[in-house]
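Student: Quick one: the structure is below, questions incoming.
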Amino acid sequence: MHFKMFKLIGSKHVIARCEGIWVGIIGEIWNYRNMVIFKNGCIDLVEVFTVVQRKTWSWIMVKEKVVGFSYSD
């Protein structure tokens, strides 16, 4: 489903943050899918979740000056 199909309420800053998180999640799932298909990898849902979480968190840390929650939250 495309992100623009969802109606978000909030400031442009909040909407931009949600869009960035969505792109990070979908992008990492796509990268993992490609690894499984083209490099004969095996599916590990815990690994997928961990990689998505870590990379999305690193994107947030680069883009945001102040983050009100920690990685473990």
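Student: Please sort 35-45, 17-27 by packing, taking for each peptide the average over its residues of neighbouring beta carbons within 10 angstrom, highest first. Can you show the working numbers first?
Tutor: Numbers: 35-45: 10.0, 17-27: 14.9.
Listed from highest to lowest mean packing, they are 17-27, 35-45.
Student: Sketch the reach of a paramagnetic label on Ile29 as a point 7 Å from Cα along Cα-to-Cβ, and name the residues of the range 39-67 whose backbone nitrogen lies under 17 Å away.
Tutor: So the set is 43-57.
Student: Jot down the radius of gyration and Dmax of the range 13-62, Cα atoms only, both in angstrom.
Tutor: So, for the range 13-62, Rg and Dmax equal 12.1, 40 Å respectively.
Read-outs: derived from the displayed coordinates by stated rules, not from any lab. Please read all numbers here as calculations on a predicted model, not as lab measurements. Don't worry about glycine lacking a Cβ; one is built from the backbone with ideal geometry, like all the others, and counts go over all protein chains shown.
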